[in-house]
Amino acid sequence: MNNSIVITGIGVVSPLGIGMDMLWNNLLAGKTSLKHFADLEAAGYRNTHACRVQDFEAPPVHRGTYMALDATKQAIAQSRIQLPENTGVFLGSTLGESMAYEMAAEGAAIDPGQYNTFSIAKAIAGAYRLTGPVQALSTACTAGNYAVGMAMHALQRGDISVAIAGGAEPFSRIAMVGFSRSRAMASDACKPFDAQRSGMILGEGAAIFILERMNDAVQRGATPLAKVYALGLSCDAYHPTSPHPDGRGLSRAMMAALQQAGISKDEVDWVNIHGSGTKVSDTAEALALKSVFTTGMPVLSGSKGAIGHALGAASALELAICAQGIATQTIPPTAGFTVQDTAIGLGCTTAVVQKKIRIAINNASAFGGLNASLVLGSCLS
Amino acid sequence: MICHVHIGDTLEKEAMPGIVDSIEKEFGRPRRPDATGLYVISNHTGANASLAFWKDVIKNGAAFANPELFPWTLANSACGYIARHFGITGPNYTFTCPPENQEHINEVLKQAAEDQERLGLEDTLIIIID
């Protein structure tokens, strides 16, 4: 019996494409979804660049839910699974439908409590008449990793046989203004780990996965794309918005994940960095990476230069990139990285790398001091 | 330990000092903050600050909104505050769900029990905020 937990379906709604194939092809081509938006300029925002999903129709107050449902449909189709009634739903987001809070503040007769992260998770369960556990993780920019990790635990415990897990975040004007006023936004572009980096660029989207046990997947003829090994968590307990400057929290999260997975750091071939593009966060992450990978650095890549920072959906979207990379043994280039920062002393790949990928780590950090590192592995023997 | 606290319509940043005081009075401080798991269950942490922040944006404009409110718009801000107060560096979860949903709370308890065993946690702090 092989009770590894595997991903058998991926669905993506991203600023760089709807559907995994479109996102992946655009990433490999080195494209970015970064654009100037006239509506942001007209509203008086200082930062007017963002990565937004184009050509996606949804009622504004249900945008996150529609994105999550679209991604779920794609993941189910790829997995070719008949969902059992007790399928669990594990969904991460920062605030849920930000627009509901904005409208309520503007005086609309709306209860924003009906539009939070739980509402998106419930909508997925409702759409497929599922009666399994429904978990809504509101752990900001780490929420996608948390959701997939919790799904993995529920499958390992035997509570459920199939999980729908991932993250969703609609474009948020609250976040756009908030990060700008926190001086965390870049004026031009997100440049992960780059010497000229000046901040983050806001994104949006959803990524949803079908997870199941390896033996169940093989038995029904599904194609496992990647194994989900372990989730390492930590909290800096240091500052409301800044990471601990020496990166100790993220270092502990990576070490905890590797320890739980029973995997040596030397087996890690690729780290998808959190790489928000802010001075402080990238420096802390670089120190964390150096403290873990003392005998050789895996290939590093970052995704936020291409798709922006989708907050609660960010680590789910980047997990989709990791899973696709593992399935195809390919690491995408890092949009926005051109000049190595001597203070960081680490570079990200700027080219497509084709190599044997046994193990990959997807890093995520968040306001509140959260760190979440998810370890994935190849299903190739 | 499970603690039930109420913030109602109070802004999160104003409610949290009283909440950590009451937790400390009732349960003391964690023996090993690095081996303590923190689990917050709430349907509306971050909601009051989000409404207040956006009202401030409407009043003062995007370029002059109060930046101090923004971190509190994130649902996990309460959990982060508790972690900083007690120095808790272990797993830190914020679950969104109606606090009267016992089925959901049981799922959180299951995760907390698993974390305790798998990670060798010495203390588990579960806080339900309504």
Any idea what angle helix B:77-86 forms with the longest principal axis of chain B, computed on alpha-carbon atoms, 0 to 90 degrees, nearest 10?
50
Have a look at A:S242, A:S182, A:S93 and tell me which one the Gaussian network model of chain A (Cα, springs below 10 Å) gives the largest fluctuation.
A:S182
Over chain A, with the other protein chains present, what is the accessible area per residue in square angstrom, probe 1.4 angstrom?
33
With an 8 Å Cα cut-off and a minimum separation of 6 or more residues, compute the relative contact order for chain A in percent.
23
Ignoring ligands and nucleic acids, what accessible area does A:L380 show with a 1.4 Å probe (Å², nearest 10)?
110
Using alpha carbons only, how many angstrom separate the centre of the range A:1-44 from the centre of the range B:1-24?
38
Looking only at A:Q259, A:Q196, A:Q82, which one moves most when chain A is put into a Gaussian network model with springs between Cα atoms under 10 Å?
A:Q82
As a Kirkwood estimate from alpha-carbon pairs, chain B has a hydrodynamic radius in angstrom of 15.3
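Compute for the range A:249-308: radius of gyration divided by Kirkwood radius, i.e. Rg/Rh, restricted to C-alpha atoms, rounded to two decimals.
Values: Rg = 11.8 Å, Rh = 12.1 Å.
That ratio equals 0.97.
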Excluding B:H4 itself, what net charge comes from residues whose Cβ is under 12 Å from its Cβ, given Lys and Arg +1 and Asp and Glu -1?
-3
Along the charge dipole of the protein assembly as shown, pointing to its positive end and built from +1/-1 on Cβ of Lys, Arg, Asp and Glu, which listed residue (B:G28, A:T65, A:G302) has its Cα farthest out?
A:G302
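Expressed as a rounded percentage, what relative contact order does the range A:230-377 have, with Cα pairs under 8 Å and six or more residues apart?
37
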In degrees between 0 and 90, to the nearest 10, how far off the longest principal axis of chain B does helix B:102-119 point, with axes built from Cα atoms?
60
From the phi of every residue in the range A:231-238, what ³J(HN,Hα) in whole Hz does the Karplus formula 6.51 cos²θ - 1.76 cosθ + 1.60 yield, where θ is phi - 60° and glycine or proline is x?
10, x, 10, 7, 10, 5, 6, 10
Which entries in A:K191/A:K356; A:K227/A:K265; A:K265/A:K355; A:K265/A:K356 show an alpha-carbon gap greater than 19 Å?
A:K191/A:K356
Cα centroid separation, the range A:110-150 to the range A:354-375 (Å):
21
Considering only protein heavy atoms, what is the solvent-accessible area of A:V162 at a probe of 1.4 Å, reported in Å² to the nearest 10?
10
Most fluctuating of A:Q219, A:Q329, A:Q260 in the GNM of chain A (C-alpha, under 10 Å) is A:Q219
Over the range A:5-219, what is the relative contact order in percent, taking alpha-carbon pairs closer than 8 angstrom and at least six residues apart?
31
Determine the shape class of the range B:70-130: with a ≥ b ≥ c the square roots of the Cα gyration tensor eigenvalues, call it rounded for a/c under 1.5, and otherwise prolate if a/b is greater than b/c, oblate otherwise.
oblate
So what is the diffusion coefficient of the range A:5-219 in µm² per second by Stokes-Einstein at 25 °C and 0.890 mPa s, using a Kirkwood Rh over Cα pairs?
136
Using 1/(1 + (r/R0)^6) with R0 = 51 angstrom and r between the beta carbons of A:A127 and A:T342, what's the FRET efficiency to the nearest 0.05?
0.50
Cα-based helix-to-principal-axis angle, B:47-60 vs chain B, degrees rounded to 10:
20
Please report, as a whole percent, how much of the solvent-accessible surface of the protein assembly as shown comes from carbon and sulfur atoms (probe radius 1.4 Å).
51
Here, A:Q156 and A:A58, labelled 7 Å along Cα→Cβ, have an inter-label distance in nm of 3.1
For the residue pair A:N3 and A:V280, what label-to-label distance in nm results when each label sits 7 Å from Cα along the Cα-to-beta-carbon direction?
4.3
Partner chain Cβ atoms within 10 Å, averaged over the residues of A:236-247 - can you pull that number for me?
4
When a/c is below 1.5 the answer is rounded, else prolate if a/b is larger than b/c, else oblate, so apply that to the protein assembly as shown with a ≥ b ≥ c taken from the square roots of the Cα gyration tensor eigenvalues.
rounded
Find how much the distance from A:D111 to A:Q82 grows on full extension, using 0.36 nm per residue of separation minus their present alpha carbon separation; answer in nm with one decimal.
7.0 nm
So, taking all protein chains as they sit and a 1.4 Å probe, how much accessible area belongs to A:L34, in Å² rounded to tens?
50
Checking an interface number: how much accessible area is buried between A and B, summed over both chains, with a 1.4 Å probe, in Å² rounded to 100?
4000
Accessible surface ranking that places the most exposed of B:K55, B:K25, B:K110 first, with a 1.4 angstrom probe:
B:K25, B:K55, B:K110
With a ≥ b ≥ c the root eigenvalues of the C-alpha gyration tensor of the range A:230-377, is it rounded (a/c under 1.5), prolate (a/b larger than b/c) or oblate?
rounded
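The values are calculated or read from the model by the stated rules, or taken from the named source; none is laboratory data. These numbers were taken from a predicted model, which means no experiment stands behind them. Please note: Cβ atoms are built from the backbone with ideal geometry, for glycine as well, and neighbour counts cover all protein chains shown. We work out accessible area using only protein heavy atoms, side chains counted, and drop any ligands, DNA or RNA first. Shrake-Rupley method; radii C 1.70, N 1.55, O 1.52, S 1.80 Å.
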